[in-house]
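The values are calculated or read from the model by the stated rules, or taken from the named source; none is laboratory data. Being a predicted model, the structure only gives us computed values, none of them experimental. Here the Cβ is made from the backbone with ideal geometry for all residues, glycine too, and neighbour counts use every protein chain on show. When the accessible area is computed, the model is the full protein with side chains, heavy atoms only, and any ligands, DNA or RNA have been set aside. Shrake-Rupley method; radii C 1.70, N 1.55, O 1.52, S 1.80 Å.
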Amino acid sequence: MGGEESTPLTDEEEQRTRSALFHELGHQIAERGWTRFPAYTPQERRRLVDVAQRLTAHWGQRVTVEAEDQCGMRLSLAGYEITAGGSTGGR
């Protein structure tokens, strides 16, 4: 964020963070088919990609990750992705 430097997480902290995101974002996606989450750094974006891959493996249904803008990512199930015109799918 804006020139701020952050200290990398320890392996244990990273594992806890990914686990918390897996449960929280998974709950939100299960409820409405998609969720948004901020991601300001490449590390945060990679973390969300990993969470989406874990959710895909857990559910047996693909969870996609798309950058909404330079600060946010959207995780969604099929049918809830961002379309080229900027609108979203949904059932």
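Structure summary
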item: Scan of region 71-86 for residues that are touching a residue at least 12 places away in the same chain (Cβ under 8 Å) and either of a type in the set (Val, Ile, Thr) or not in a strand (DSSP E or B) (or both), ordered by number; result: Cys71, Ala78, Gly79, Tyr80, Glu81, Ile82
item: Matching entry among Pro42, Pro38 (being open to solvent by 50 Å² or more (accessible area, probe 1.4 Å), touching a residue at least 12 places away in the same chain (Cβ under 8 Å) and not basic (Lys, Arg)); result: Pro38
item: Which numbered condition Gln61 misses (of (1) over 13 Å from the mean Cα position of the chain (by Cα); (2) within 15 Å of Glu81 (Cα to Cα); (3) surrounded by 12 or more Cβ atoms within 10 Å (Cβ to Cβ); (4) not hydroxyl-bearing (Ser, Thr, Tyr)); result: (3)
item: So Glu24, is it open to solvent by 80 Å² or more (accessible area, probe 1.4 Å) and either at pLDDT 95 or above or not in a helix (DSSP H, G or I) (or both); result: yes
item: Lone unmet requirement of (1) open to solvent by less than 80 Å² (accessible area, probe 1.4 Å); (2) at pLDDT 95 or above for Ile82; result: (2)
item: Qualifying positions in region 30-49 - part of a helix (DSSP H, G or I) and within 12 Å of Glu66 (Cα to Cα); result: Arg45, Arg46, Leu48, Val49
